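Asker: Just dropping this structure here.
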Amino acid sequence: MIVFVSCGAKKGSLASPAWRMYTGGYFKALFNYAQRLASLENIYIVSAKYGLIQSETIIDTYEQQLGKLGSITLEQIREQASGIRVDPDVVVLGGMKYVSLVRNVFPH
């Protein structure tokens, strides 16, 4: 199973694994649930800046909102998705913008 979790607005200030970068309560609740469903290697974070990132990938802090100038585009997400092997079990956790984005790319 692959689980996609939307990123969060509250972030740490130092480069860190993606799953540790986001510090808000909403993200933590979603990520804790994701860990019940899949291992870290099968959890991806949908980031407004980086797109689909494996949860253990080291990222720098940033300020970006999905849909705003400079954010990841659907075309970029599709490119990234081509390198992710998914089975029929895909779960997306997060806000509607993020869920819609992933469903556009993985229409299971």
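The values are calculated or read from the model by the stated rules, or taken from the named source; none is laboratory data. Values in this document were obtained by computation on a predicted structure and should not be read as measured data. Neighbour counts run over all protein chains shown; Cβ positions are idealised from the backbone, glycine included. Calculation scope for accessible area: heavy atoms of the full protein, side chains included, ligands and nucleic acids excluded. Shrake-Rupley method; radii C 1.70, N 1.55, O 1.52, S 1.80 Å.
Asker: Mind telling me which of S82, S16, S71 comes out most flexible in a GNM of the chain, alpha-carbon contacts under 10 Å?
Answerer: S82
Asker: Using 5 Å bins from zero, what percent of all Cα-Cα pairs in the chain falls into each bin?
Answerer: So the P(r) values, bin by bin, are 2, 13, 26, 28, 21, 9, 2, 0.
Asker: Take every DSSP beta bridge whose two residues both sit in region 1-93, then give the antiparallel share in percent to the nearest 5.
Answerer: Numbers: 7 of 15 bridges.
Here the share of antiparallel DSSP bridges comes out near 45 percent.
Asker: Run the helix sum for the chain: -39,500 (n - 2.57) per DSSP H stretch of 4+ residues, divided by residue count, reported at 222 nm to the nearest 500 deg cm²/dmol.
Answerer: Using -39500 (n - 2.57) per qualifying helix, the result is -9000 deg cm²/dmol.
Asker: Non-local amide H neighbours of I59 (under 5 Å, H modeled in plane, Pro and chain starts lacking H): which ones?
Answerer: Those lying under 5 Å, H to H, from I59 are S16, A18.
Asker: Quick one: net charge around F27, please, counting Lys, Arg +1 and Asp, Glu -1 for every other residue with C-beta under 13 Å from its C-beta.
Answerer: Computed value for this residue: +4.
Asker: Given charges of +1 on the Cβ of Lys and Arg and -1 on the Cβ of Asp and Glu, with all other atoms neutral, how large is the dipole of the chain about its Cα centre, in debye to the nearest 20?
Answerer: Numbers: 11 positive and 8 negative charges, 71 e Å.
Here the chain has a charge dipole of around 340 debye.
Asker: Using a 1.4 Å probe on the protein chains only, how many percent of the accessible area of the chain belongs to carbon and sulfur? Display every interim value, and only then the final one.
Answerer: Working: 3150 of 6180 Å².
Of all accessible area on the chain, carbon and sulfur atoms account for 51 percent.
Asker: Give the residue from T57, I84, S100 lying farthest towards the positive end of the charge dipole for region 49-108; charges sit on Cβ (+1 for Lys and Arg, -1 for Asp and Glu) and the dipole is referred to the Cα centre.
Answerer: S100
Asker: Another question, then. Compute the accessible area per residue over region 1-59, keeping the other protein chains in place, probe 1.4 Å, unit Å².
Answerer: Values: 2790 Å² over 59 residues.
Accessible surface, normalised per residue, equals 47 Å².
Asker: Hydropathy at least 0.5 by Kyte-Doolittle, axial extent at least 18 angstrom from the Cα trace: which helices of the chain, defined as entire DSSP H runs, fit?
Answerer: Taking the DSSP H segments of the chain (at least 18 Å long, mean hydropathy at least 0.5), we get none.
Asker: With bins 5 Å wide starting at 0, give me the P(r) of region 57-106 over every alpha carbon pair, in whole percents.
Answerer: For region 57-106, the pair-distance distribution reads 4, 16, 23, 28, 20, 6, 2.
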